[in-house]
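Everything below concerns the one structure shown next.
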Amino acid sequence: MKESLRSDGKFAAARRALDDIDDIDVYGRVVAVRGLLIEIAGPVGAMRLGGRIEIDIDGGANVPCEVIGFEGDRALAMPFGNLDGVRRGCAAHVRRAAGSVRPDPAWLGRVVDALGRPVDGGPPLQEGGLAYPFRAEPPPAHARRRVGGPLDLGVRALNTFATCCAGQRMGIFAGSGVGKSVLLSMLARYTAADVAVIGLVGERGREVQEFLQDDLGAEGLARSVVVVATSDEPALMRRNAAYLTLTLAEYFRDQGKSVLCMIDSITRFAMAQRDIGLAGGEPPTAKGYTPTVFSELPRLLERAGPGTGDGTITGLFTVLVEGDDHNEPVADAVRGILDGHIVMERTIAERGRYPAINVLKSVSRTMPKSCDPEFWPVVQRARQVLATYSDMEELIRLGAYRPGSSPEVDEAIRLNPELESFLGQGKEESTSIRHGYRRLAQILSAPQT
């Protein structure tokens, strides 16, 4: 009888819930609230950095918080939710079992918040057996496998000019309104991966449903888990959404899956960490970003990549460059961490070519090994033609260039319309790596008329 009970799934779930209950109720008291910062007095020695606190408010409800620092004999905490109802003297309970989720394959097709709770109106999430922490350490560098072979992203401009490998990490750098979300939706639908985990960090509330229904669609959502923390949510929720996205990707990677992990955007994660750091008393540095921003970025991004087993996490992370300045602090830091960068430019979008990728400024650090050796000369020549046209573009548009002055420029002018058409792609269109190489070769070999 006992053995049958142990094997029963419901009994196992109940036992896990009992294990999560604290043996002793340890609590302090709220003594001050400054903005979003809560000061708690009491058994500070029982509290830890990153630990969870629950503050009792009227009506039997509570406000979950996280300890972000200490000052004298007080703990400093920030809330995951609204501070309405918090007053001086409220009990602040120290929670032992927190900061983790128990993912399950049944989470595919679901939309969750930054704490792993369903927000799509569906049934409660089924819990797996193993707890995964929100803030895990990256796999040891010496134990990691190398990146795999070329990964088909379904987007011609990326497949040919910035070929990505399974387990590679790439950044998508662009200003606001240049088409990052549409490009992400194309990658989510067309990338040759088993699972997609998508984190919408600091996204506009209006755009979440549009992304899920119009851009991602039912087919893309069926093989995805989407983590959402909108721009109106507290900084801790926005930061934790990025952590949870990597946590879920790690779970599926441990199942031996090829995982596509996308976060939109890393800049909003950095802004959330900046808000937390400033509230905790950290000194601001470049553009107000605190030192922990630049220490947390590599800890987050290094979690993507190949694991120690067969599974991989291919990371594609958007970076919202402020004022279209691609050298601002967050963009500069992320570019140095990742294995390549994809640059989207407003001037390309303004002339109607989408995705607005500048292939001359985009780099994959696995090239040329990730490129098919048969077509590598084709890619090099296409880059040369595009670079020649880019150098002479202003003179050509002004009519200052005289045809026949340079055979290279004449060739670039002749091939530019076809190359521009090749780089443009509708969001309902998918192109394989092989087909993209062949089409590019046909364009370059077309006879002069």
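The values are calculated or read from the model by the stated rules, or taken from the named source; none is laboratory data. Predicted, not measured: the structure shown is a model, and the values here were computed from it. Cβ sites come from the backbone with ideal geometry, for glycine too, and all protein chains shown count toward neighbours. Accessible surface areas use protein heavy atoms only, side chains included; no ligands, DNA or RNA. Shrake-Rupley method; radii C 1.70, N 1.55, O 1.52, S 1.80 Å.
Structure values in brief
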| read-out | value |
| --- | --- |
| Mean Cα-pair separation over length for the chain, i.e. relative contact order, pairs under 8 Å, 6 or more apart, % | 16 percent |
| Calculated from backbone phi, Karplus (6.51, -1.76, 1.60) coupling profile of the stretch 141-153 in Hz, x at Gly/Pro | 4, 6, 9, 6, 7, 7, 4, x, x, x, 10, 6, 8 |
| Correct option for Rg/Rh (Cα atoms, Kirkwood Rh) [calculated from the coordinates] among [x] 1.04; [y] 0.97; [z] 0.95 | [x] |
| Accessible solvent surface per residue of the stretch 375-445, calculated while the other protein chains remain in place, 1.4 angstrom probe, Å² | 57 Å² |
| The stretch 80-96 - phi-based ³J(HN,Hα) in whole Hz, Karplus 6.51/-1.76/1.60, Gly and Pro as x | 8, x, 7, 8, 4, x, 6, 9, 5, x, 4, 6, 10, 7, 7, 10, 7 |
| Reachable aspartates and glutamates, given that their alpha-carbon falls under 17 Å from the alpha-carbon of Lys369 and they are not under 8 places away in the same chain | Asp152, Asp339 |
| Relative packing of peptides 104-115, 136-147 - highest average C-beta neighbours within 10 Å first | 104-115, 136-147 |
| Carbon/sulfur fraction of accessible area - the stretch 168-295, other protein chains in place, 1.4 Å, % | 50 percent |
| Under-5 Å amide H pairs with Cys261, H placed in peptide plane, nonlocal only | Val197, Thr314, Gly315, Leu316 |
| Amide H contacts of Asp104 (H built 1.01 Å from N, under 5 Å, at least 5 apart or other chain) | Gly128 |
| Accessible surface, per residue, of the stretch 52-165 when the full set of protein chains is kept, probe 1.4 Å, Å² | 46 Å² |
| Integer Hz, Karplus 6.51/-1.76/1.60 couplings in order for the stretch 175-191, x for Gly and Pro | x, 6, x, 9, x, 5, 5, 5, 4, 4, 5, 5, 5, 5, 7, 9, 5 |
| Highest to lowest packing among 335-341, 324-330, scored as the average C-beta count within 10 Å | 335-341, 324-330 |
| With every protein chain in place, the stretch 375-445: carbon and sulfur % of accessible area (1.4 Å) | 51 percent |
| Long-range amide H partners of Phe70 with built H, under 5 Å | Leu76 |
